[in-house]
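Written out below as structure tokens is the structure these notes cover.
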Amino acid sequence: MTIEIPGYRPGTWVLDPAHSEVTFSVRHMMISKVRGTFGVKSATLVAPENPLDAKVEANVDVTSINTQDEGRDAHLRSADFFDVENHPSMEFVSTGTRVENGDFIVDGDLTIRGITKPVSFEFEFGGFGQDPYGNYKAGASAKTVINREDFGLTWNAALETGGVLVGKEITIGLDLQGALQA
């Protein structure tokens, strides 16, 4: 199957970290959500003529975690959670792209804390355009939900009122902008 995307150009696209963000949210005390961000080290999309044959590789800097609370961030960097001393990054490598019910789905292998599991991101293209400096850019957003325990992130605390401090499901969001390499 071949698809057409208006403005799409084949080639190698490299992520612009200044205009990209990885976000997450998780239930806290089962009554609210905590949100945070990670810095993106690198991401490359190799895009052939057919967008469904594209390949993506990305590396996220786990040490950059920011939830707007320094104490919580330090705990998340510790061996209780991400163990950044031994696992300073998360990686994603795509294994395929498909269209399902009109939505783009990028399947791949996500590695967190040395554990690799298959995940699927729902992708939404933001569009294509040329910036004032002559660079051809693309924008996209994506989202997936994972069970943190599948990746060895199992620390938790029981609450006196019932339930636990940290939910199992993590929503990961991507807001990305990349440039076509000449």
Original post:
Give me the pairs: first residue in region 1-16 and at positive phi, second residue among the polar types (S, T, N, Q), beta-carbon distance under 7 Å, and six or more apart or on different chains, which are they?
Top reply: G11/Q181
Original post:
Only one residue in V62, V93, V26 is within 18 Å of W155 (Cα to Cα), touching an Asp or Glu at 6+ places or on another chain (Cβ under 8 Å), surrounded by 13 or more Cβ atoms within 10 Å (Cβ to Cβ) and not hydroxyl-bearing (S, T, Y). Which one?
Top reply: V26
**OP:** For I170, state whether it is surrounded by 15 or more Cβ atoms within 10 Å (Cβ to Cβ), touching a Lys or Arg at 6+ places or on another chain (Cβ under 8 Å), over 18 Å from H28 (Cα atoms) and of a type in the set (A, V, I, L, M).
**Re:** no
Subject >> Sole exception among (1) more than 24 Å from T154 (Cβ to Cβ); (2) over 18 Å from the mean Cα position of the chain (by Cα) for H75, by number >> reply: (1)
Original post:
Does F82 satisfy the condition of being crowded, with 17+ Cβ neighbours inside 10 Å, farther than 30 Å from P10 by Cβ, within 17 Å of the chain's Cα centre (by Cα) and among the hydrophobic types (A, V, I, L, M, F, W, C)?
Top reply: yes
Original post:
Considering only region 32-52, how many residues are more than 15 Å from the chain's Cα centre (by Cα) and farther than 17 Å from I170 by Cβ?
Top reply: 7
Original post:
Do you know which residues across region 1-23 are in a strand (DSSP E or B), over 13 Å from the mean Cα position of the chain (by Cα) and surrounded by fewer than 16 Cβ atoms within 10 Å (Cβ to Cβ)?
Top reply: G11, T12, V14
**OP:** Could you grab me the full set of residues in region 105-151 that are in contact with a His (Cβ under 9 Å, 6 or more places away or on another chain) and surrounded by 13 or more Cβ atoms within 10 Å (Cβ to Cβ)?
**Re:** T111, I112, R113, K137, G139
Subject >> Residue list for region 36-70, filter: more than 17 Å from F128 (Cα to Cα), part of a strand (DSSP E or B), polar (S, T, N, Q) and out of contact with any Lys or Arg (no Cβ under 8 Å at 6 or more places or on another chain) >> reply: T37, S42, S64, N66
Original post:
Here are some residues: T144, T95. Which one is more than 22 Å from P48 (Cβ to Cβ) and either of a type in the set (S, T, N, Q) or at pLDDT 95 or above (or both)?
Top reply: T144
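The values are calculated or read from the model by the stated rules, or taken from the named source; none is laboratory data. As the structure is a computational prediction, the values presented were derived from the model and not from experiment. Reconstructed Cβ throughout: ideal geometry from the backbone, glycine too, with neighbour counts over all protein chains shown.
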